[in-house]
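We did not get these values from a lab; they are worked out from the coordinates using the rules stated. Computed from a predicted structure; not experimentally measured. Methodologically, a virtual Cβ is constructed for each residue, glycine included, from the backbone with ideal geometry; neighbour enumeration extends over all protein chains shown.
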């Protein structure tokens, strides 16, 4: 499991995102792939030059997902960590139902 230290709303290339501190490293969540999130997986994005979540996390085999793939997929940079998924779901729900609550720098947990 990953250790989640913080999660704040952020803008990444002008788009809504979440900036996470995980295991002392920065990660971003953005542009959720709904079929993947609905099945309990989320991509982590790194902007750092010295690490990449695709290299840090072990590969995950995801069952076939309608709309994405008819066969199991082996994905890199993906996690099923419960704390990260909780943040991702709060983020997605905020964007879907109450986008006015999205404020850069605000703690995501405030919308739980």
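Scanning the stretch 32-71 for residues that are assigned to a helix (DSSP H, G or I) and surrounded by 12 or more Cβ atoms within 10 Å (Cβ to Cβ) gives 34, 35, 36, 37, 38, 53, 54, 56. Among the residues making up the stretch 89-112, those that are part of a loop (DSSP other than H, G, I, E, B) and within 18 Å of residue 20 (Cβ to Cβ) are 102, 103, 104, 105, 106, 112. Restricting the stretch 72-88 to residues that are in contact with a helix residue (DSSP H, G or I) (Cβ under 7 Å, 6 or more places away or on another chain) and not in a loop (DSSP other than H, G, I, E, B) leaves a set whose member that is surrounded by the most Cβ atoms within 10 Å (Cβ to Cβ) is 88.
For the stretch 1-27, the set of residues classified as within 22 Å of residue 68 (Cβ to Cβ) and either crowded, with 17+ Cβ neighbours inside 10 Å or in contact with a helix residue (DSSP H, G or I) (Cβ under 6 Å, 6 or more places away or on another chain) (or both) consists of 16, 17, 18, 27, listed by residue number.
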